[in-house]
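This report refers to the structure that appears directly beneath it.
The values are calculated or read from the model by the stated rules, or taken from the named source; none is laboratory data. Small disclaimer: the values here were computed from a predicted structure and weren't measured. Here the Cβ positions follow ideal geometry from the backbone for every residue, glycine too, while neighbour counts run over all protein chains shown.
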Amino acid sequence: MPELPEVETIARDVRPLLVGERIARAHVHKPDILRRIRRPAFQRALAGRTIVSVGRRAKHLVLLLDDDRRLIIQPRMTGSLRVDANGARRDPYDVLTFDLGSGARMRFRDVRRLGVVLLLTPQAWAAYDAAIGPEPLERAFTPRRLAEVLSGARVAVKKAIMDQRRLAGVGNIYASEACWIAMIDPSRSAHRLSAADIERLHAAIVQVLRRAVEGRGTTVRDYRTGTGEPGNYQGRLAVYERAGEPCLRCGTRIALTWALDGRSTYFCHRCQP
Ligand SMILES: [Zn+2]
């Protein structure tokens, strides 16, 4: 599932191709991706609108339109977004396409169709935004802020940092990576971390996300950048999908457990006691 670095990469790739473009026509090919709005109303609302900005919140793309509404695209498992210069032929997995004023076409493609698309008024956006935790790559995200969001979290630290209401954008891959960098056992209860643990975890989260953005994200299966290529960070992962391989710090075999939250958790027994 695309996490912060992957969605940030898509946003950066498509931004120069979308900002200032007018949506001549919107086509919803698979209406089951829409939430809180039906296809005819959605298509009508978008026709003629200009895209003012392309951003990201947590693991979602946010396109601001010139009527102050925001189009939210949640790629979830297999969704990918790209812009083809000369309205390339439709793909059977396209779920939403925009014919743009310049003749280009924006395509949201989603093989498993688990992605979600929303169109939000400024008020609905305010509520949406408020329900998500702080952005870890913003200046306001400090160790103190991390301590605040983890206080009272009587769950495993890995689970707590993946909870989007507490912290934005971190999923299964970068949660495992951050715990390894910080030398923290991912199953430790979040509210029991010391100030020093929090300090290390904060630095680890910021470091791994920054590096993964620089690496244009991690492709283990489906993720593609906004230009249709795989990311480059998968070769630099320390623990994720490295079960049985030597820890890069101490040589101990990387362990894999499903016991923590029903999802794969990779860690080093020795470095993360
Ligand atoms: Zn180790």
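Just a few scattered comments:
- Considering residues of segment 232-251 that are free of Cβ contacts under 8 Å to residues at least 24 places away in the same chain and not in a loop (DSSP other than H, G, I, E, B) only, the residue nearest to Arg263 (Cα to Cα): Gln234
- Check on Ala178, without any contact (Cβ under 8 Å) to a residue 40 or more places away in the chain, under 25 Å from Arg12 (Cα atoms) and either within 16 Å of the ligand (Cβ to nearest atom) or surrounded by 16 or more Cβ atoms within 10 Å (Cβ to Cβ) (or both): yes
- Unique residue being closer than 14 Å to Ala26 by Cα and at pLDDT 95 or above when the list is Leu120, Leu71, Leu146: Leu71
- Hey, Leu120 farther than 18 Å from Val170 by Cβ and of a type in the set (A, V, I, L, M) or not: yes
- Looking only at residues of segment 74-108 that are among the hydrophobic types (A, V, I, L, M, F, W, C) and over 21 Å from Thr218 (Cα atoms), we find that the one that is modelled with the lowest pLDDT is Ala88.
- So Arg192, is it surrounded by fewer than 17 Cβ atoms within 10 Å (Cβ to Cβ), within 13 Å of the ligand (Cβ to nearest atom) and of a type in the set (D, E, K, R): no
- Selection within segment 252-273 - of a type in the set (S, T, N, Q) and either closer than 19 Å to Met1 by Cα or away from the ligand (no atom under 14 Å from the Cβ) (or both): Thr257, Ser264, Thr265
- Note on segment 235-251: residues that are out of contact with any Gly (no Cβ under 8 Å at 6 or more places or on another chain), more than 10 Å from the ligand (Cβ to nearest atom) and more than 20 Å from Ala160 (Cβ to Cβ) total 7.
- Elements of type strands (runs of 3 or more DSSP E) contained in segment 1-113, each with 3 or more residues being over 24 Å from the mean Cα position of the chain (by Cα) and of a type outside the set (Asp, Glu): 23-28
- Output for segment 195-231, where each listed residue is crowded, with 21+ Cβ neighbours inside 10 Å, on the phi < 0 side of the Ramachandran plot and not in a helix (DSSP H, G or I): Thr218, Tyr223, Arg224, Thr225, Gly226, Gly231
- For segment 32-49, residues that are surrounded by 15 or more Cβ atoms within 10 Å (Cβ to Cβ) and either among the hydroxyl-bearing types (Ser, Thr, Tyr) or closer than 26 Å to Ile132 by Cβ (or both) total 7.
- Matching residues in segment 145-181 - criterion: being among the hydroxyl-bearing types (Ser, Thr, Tyr) and not in a helix (DSSP H, G or I): Ser151
- Filter result (under 26 Å from Arg39 (Cβ atoms) and surrounded by 14 or more Cβ atoms within 10 Å (Cβ to Cβ)) within segment 115-136: Gly115, Val116, Val117, Leu118, Leu119, Leu120, Ala124, Trp125, Tyr128, Asp129
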